[in-house]
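Student: Before we start, here is the structure in question, set down as structure tokens.
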Amino acid sequence: MSKPDRTKKTVSTDAARSDASRRKFMQSSSLLLAGGAVAGGLSVARAAHSFGSDTIRVGLIGCGGRGTGAVTQALSTVDGEVRLTAMGDLFEDRMQTAFRTIKSKHPDRVDVTRDTRFVGFDAYQKVLQADVDVVILATPPGFRPLHFEAAVDVGKHVFMEKPVATDAPGVRRVLAANAIAKHNGLAVSVGLQRHHEARYRQCVAQLHGGMIGDVIMSRAYWNGSGIWVRPRQQNDTELQYQCRNWYYFNWLCGDHITEQHVHNLDVINWVMDGFPVEAQGQGGRQVRTGEDTGQIFDHHFVEYTYDGGAKLISQCRHMKGCWNSVGEYVHGTRGYAIVNKAEIYDHQDNLIWKSDAAVEQGKGWQQQHHDLFAALRRGESPNEADYGAHSTMTAIMGRMATYGGKVVRWDDAIHSDIALADFDSLRSWDDVPPVLPADDGSYPVAVPGKTIVV
């Protein structure tokens, strides 16, 4: 994240800039970037059409656990036939594991042959050139802007996992490509699945209807014990090692505040019908001290401010033996909501509303695919990329605040020109990654008060 001193500095000014002004900026900036993308060679994609009872062909780009799960859910949709026809990944072994897993669950819906399984940095291009109608983008998040732009270029409907980028230039690239996608009637679904869960939808509707009055403060948590660590394999190049252990490198993952906590931040943005105007926070590496955990922090605490002054207190932590919580709470002038439980209380802690929708583990993951493919068969083009990009940028702004130790404003953050990697230039495993280990094997880590983030 570090970069030589620049003349542009992050300053804390009046946070009460109108939401209309921010929305106008984002819309105009997206359209301008989209125009530049067209001038740079993006072709006009085909318009959406109704698939009706036709078979919908799916291509998978990124064959890890989430990509395997997403395809399995796509093939499990109930409206008409969906078939997997092409797959692509950086790694041959991951490709083969995904193929076997998907084939075992949907043996009659996998039409992938040896000729439509692609490996390497150009695998995404080959999947997009194959006979597919919808492409699932599930690589490490840093690749997402490049792959999304390419999919829009050739007129494919898209399901892309969250987050949609790892830095501000990537977010702007997604917004620009999405302006073209919307113009050309392409459907875009984003893996922020809470938007497709009945309990969340019902609860947010009650909040938008004023059940707790005006929102004063929110709280969002993703505190857990952590995730996998993948050891370096013999004969790995440095780029191969980092791509296998992608969660621990910012250029690939964006830190866990971006890769994971984005879910909770997105829920609060949904409730607030907007995104924060500024953030300040703190974080660090208390237990992630080894070279095998790359660069990312193990805890972040961020105070976000929304237009009008409402605060969001955000925590995410990866530490064993600590208090764990994953959820969202919203406090208003007449009561409060536990959004993840779909419960609303008055200030005397009396339950005044509770969702009657069934609790089904993982329902959102499956429902978002039911919703996408049903919409395509009706000839509709739902598009979730803008709010996916704004929620991703909310998480990135939080990371900027914890890494830099200063107040970061939205307009400064979204305009940042600090790109964590040049994904377009990666061609082979012999290429040099954007970060390298020191002689002792450690990787560069942000130092609050010193690291320049905007």
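The values are calculated or read from the model by the stated rules, or taken from the named source; none is laboratory data. Source: prediction; values computed, not measured. Cβ sites come from the backbone with ideal geometry, for glycine too, and all protein chains shown count toward neighbours. We work out accessible area using only protein heavy atoms, side chains counted, and drop any ligands, DNA or RNA first. Shrake-Rupley method; radii C 1.70, N 1.55, O 1.52, S 1.80 Å.
Student: If you check Tyr200 against the conditions, is it in contact with a helix residue (DSSP H, G or I) (Cβ under 8 Å, 6 or more places away or on another chain), hydroxyl-bearing (Ser, Thr, Tyr), touching a residue at least 12 places away in the same chain (Cβ under 8 Å) and over 30 Å from Ala310 (Cα atoms)? Give the steps one after another, and end with the answer.
Tutor: Working: in contact with a helix residue (DSSP H, G or I) (Cβ under 8 Å, 6 or more places away or on another chain): yes; hydroxyl-bearing (Ser, Thr, Tyr): yes; touching a residue at least 12 places away in the same chain (Cβ under 8 Å): yes; over 30 Å from Ala310 (Cα atoms): no.
Criteria not met by Tyr200.
Yes/no matrix, rows are residues, columns are (1) in a helix (DSSP H, G or I); (2) open to solvent by 10 Å² or more (accessible area, probe 1.4 Å); (3) farther than 30 Å from Trp246 by Cα; (4) touching a residue at least 40 places away in the same chain (Cβ under 8 Å):
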residue	(1), (2), (3), (4)
Ser53	no, yes, yes, yes
Arg57	no, yes, no, yes
Gly67	yes, no, no, yes
Thr72	yes, yes, no, no
Arg83	no, yes, no, no
Ala86	no, no, no, yes
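Student: For the stretch 297-308, give me each residue that is open to solvent by 10 Å² or more (accessible area, probe 1.4 Å), farther than 18 Å from Val267 by Cα and part of a loop (DSSP other than H, G, I, E, B).
Tutor: Gly308, the sole residue that qualifies.
Student: Given (1) closer than 12 Å to Gly398 by Cβ; (2) surrounded by fewer than 24 Cβ atoms within 10 Å (Cβ to Cβ), identify the lone condition not met by Gln286.
Tutor: With (1) closer than 12 Å to Gly398 by Cβ; (2) surrounded by fewer than 24 Cβ atoms within 10 Å (Cβ to Cβ) applied to Gln286, the lone miss is (1).
Student: Okay, next question. Go through the stretch 397-451 residue by residue and tally those that are in a loop (DSSP other than H, G, I, E, B), of a type outside the set (A, V, I, L, M, F, W, C) and either free of Cβ contacts under 8 Å to residues at least 40 places away in the same chain or touching a strand residue (DSSP E or B) at 6+ places or on another chain (Cβ under 6 Å) (or both). Can you show your working first?
Tutor: Within the stretch 397-451, the first condition is being in a loop (DSSP other than H, G, I, E, B), and the residues that meet it are 405-407, 415-422, 426-451.
In the following step, the residues that additionally are of a type outside the set (A, V, I, L, M, F, W, C) were identified as 405-406, 415-417, 422, 427-428, 430-431, 433-434, 437, 439-444, 448-451.
Within this subset, residues satisfying the condition of being either free of Cβ contacts under 8 Å to residues at least 40 places away in the same chain or touching a strand residue (DSSP E or B) at 6+ places or on another chain (Cβ under 6 Å) (or both) are 422, 439.
Count: 2.
Student: Does at least one position in the stretch 322-343 carry a residue that is touching a helix residue (DSSP H, G or I) at 6+ places or on another chain (Cβ under 7 Å), more than 26 Å from Gly254 (Cα to Cα) and surrounded by fewer than 22 Cβ atoms within 10 Å (Cβ to Cβ)?
Tutor: No, the stretch 322-343 has no match at all.
Student: Please go through the stretch 91-104 and pick out each residue that is farther than 15 Å from Ile136 by Cα and touching a residue at least 24 places away in the same chain (Cβ under 8 Å).
Tutor: Restricting attention to the stretch 91-104, the residues satisfying the condition of being farther than 15 Å from Ile136 by Cα are 91-94, 96-97, 100-101, 103-104.
Within the stretch 91-104, Phe91, Glu92, Arg94, Thr97, Thr101 meet the criteria.
Student: So which strands (runs of 3 or more DSSP E) stay within the stretch 322-396 end to end and still have 2 or more residues that are closer than 29 Å to Asp411 by Cβ and in contact (Cβ under 8 Å) with a residue 60 or more places away in the chain? Steps first, please.
Tutor: On the way: elements: 325-332, 336-338, 343-345, 351-354.
Per the criteria, 325-332.
Student: Tell me which of these Leu239 doesn't satisfy, since it passes every other one: (1) in contact with a helix residue (DSSP H, G or I) (Cβ under 6 Å, 6 or more places away or on another chain); (2) closer than 21 Å to Gly290 by Cα; (3) of a type outside the set (D, E, K, R); (4) open to solvent by less than 10 Å² (accessible area, probe 1.4 Å).
Tutor: The one condition Leu239 does not meet is (1).
Student: If we only count strands (runs of 3 or more DSSP E) wholly inside the stretch 117-219, which ones have 3 or more residues that are open to solvent by 20 Å² or more (accessible area, probe 1.4 Å) and out of contact with any Leu (no Cβ under 6 Å at 6 or more places or on another chain)?
Tutor: On the way: elements: 117-119, 134-137, 157-160, 188-190.
Qualifying strands (runs of 3 or more DSSP E): 117-119.
Student: For the stretch 365-422, what are the residues that are open to solvent by 40 Å² or more (accessible area, probe 1.4 Å) and on the phi > 0 side of the Ramachandran plot?
Tutor: Correct list: Gly405 only.
Student: Follow-up question, since we're still on this one. Kindly list, by first and then second residue, each pair from a residue in the stretch 151-169 that is within 14 Å of Tyr387 (Cα to Cα) to a residue that is part of a loop (DSSP other than H, G, I, E, B) and open to solvent by 10 Å² or more (accessible area, probe 1.4 Å), limited to pairs with Cβ atoms under 8 Å and residues at least 6 apart or on different chains.
Tutor: Met160/Ala138; Glu161/Ala138
Student: From (1) at pLDDT 95 or above; (2) touching a helix residue (DSSP H, G or I) at 6+ places or on another chain (Cβ under 7 Å); (3) open to solvent by 50 Å² or more (accessible area, probe 1.4 Å), pick out the condition that doesn't hold for Asp266.
Tutor: Against the list (1) at pLDDT 95 or above; (2) touching a helix residue (DSSP H, G or I) at 6+ places or on another chain (Cβ under 7 Å); (3) open to solvent by 50 Å² or more (accessible area, probe 1.4 Å), Asp266 comes up short only on (3).
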